[in-house]
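A.B. asks: I have a structure here, written as structure tokens, and I will follow up with some questions on it.
The values are calculated or read from the model by the stated rules, or taken from the named source; none is laboratory data. None of the values given here were measured: they were computed from a predicted structure. Positions of Cβ are backbone-derived with ideal geometry, glycine not excepted, and every protein chain shown enters the neighbour counts.
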Amino acid sequence: MTSEDSMHPASDAMTVESAATRSSTGVTITTAGSDFGEVLFDGTGQAIYLFDKETTTVPDCYGDCAVAWPPVLTEGSPVAGAGTMTDLLGTTPRTDGSTQVTYAGHPLYYYAHEGKNVVTCHNVSEFGGLWLVVTPTGQAAA
């Protein structure tokens, strides 16, 4: 004798939802206030910068540059957090095979020696260009 319940396995909706949750490994990009207005941070509170020397989505910061200014990497599609625009988020490949997050066409970076929830390196000149925090519209902060 078979019961009605044993003839119908658990809902497929739960399986699909669980799989979607597990595969969401992209870094979160959000915004927060700073001395330079509302700017981009990652989900852990690390400030995010662009390198004005880069005028396309192709990264130009490698070697010593990437040690001082590590790229914002992701293992999945980046996630737009509060204050950011989904259509401005993207990715670009790096020469080592990793995937770097872009925003409004700019490859994104951290400063290696900066604490959480602070911006201390805006308008810094290193490695042949300026490092600038990024506004929610994708422009460098003033």
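A.B. asks: Please enumerate the residues belonging to the stretch 100-125 that are out of contact with any Phe, Trp or Tyr (no Cβ under 9 Å at 6 or more places or on another chain) and within 17 Å of Phe51 (Cβ to Cβ).
C.D. replies: Once the filter is applied, which keeps residues that are out of contact with any Phe, Trp or Tyr (no Cβ under 9 Å at 6 or more places or on another chain) and within 17 Å of Phe51 (Cβ to Cβ), the stretch 100-125 yields Val101, Thr102, Tyr103, Ala104, Gly105, His113, Glu114.
A.B. asks: Within the stretch 94-142, can you find the residues that are without any contact (Cβ under 8 Å) to a residue 40 or more places away in the chain and among the aliphatic types (A, V, I, L, M)?
C.D. replies: Result: Ala104, Val124.
A.B. asks: When you go through (1) buried (at least 18 other Cβ atoms within 10 Å of the Cβ); (2) touching a residue at least 40 places away in the same chain (Cβ under 8 Å) one by one for Pro71, which number turns out not to apply?
C.D. replies: If we test Pro71 against (1) buried (at least 18 other Cβ atoms within 10 Å of the Cβ); (2) touching a residue at least 40 places away in the same chain (Cβ under 8 Å), just (2) comes out false.
A.B. asks: Shifting gears a bit: For the stretch 56-78, check the following and say yes or no: at least one residue is within 15 Å of Ala141 (Cβ to Cβ) and either touching a Lys or Arg at 6+ places or on another chain (Cβ under 8 Å) or not acidic (Asp, Glu) (or both).
C.D. replies: For the stretch 56-78, residues within 15 Å of Ala141 (Cβ to Cβ) and either touching a Lys or Arg at 6+ places or on another chain (Cβ under 8 Å) or not acidic (Asp, Glu) (or both): absent.
A.B. asks: Also, I was wondering about something else. For Asp35, indicate whether it is over 10 Å from the mean Cα position of the chain (by Cα) and loosely packed, with under 13 Cβ neighbours inside 10 Å.
C.D. replies: Yes, satisfied.
A.B. asks: Follow-up. Of all the residues that make up the stretch 38-57, how many are within 22 Å of Gly97 (Cα to Cα) and exposed (fewer than 12 other Cβ atoms within 10 Å of the Cβ)?
C.D. replies: 2
A.B. asks: Within the stretch 37-51, is there a residue that is in contact with a His (Cβ under 7 Å, 6 or more places away or on another chain), modelled with pLDDT of 95 or more and either charged (D, E, K, R) or within 20 Å of Gly129 (Cα to Cα) (or both)?
C.D. replies: yes
A.B. asks: From Asp87, Asp60, Asp64, Asp35, which residue is of a type in the set (D, E, K, R) and within 13 Å of Tyr109 (Cβ to Cβ)?
C.D. replies: Asp60
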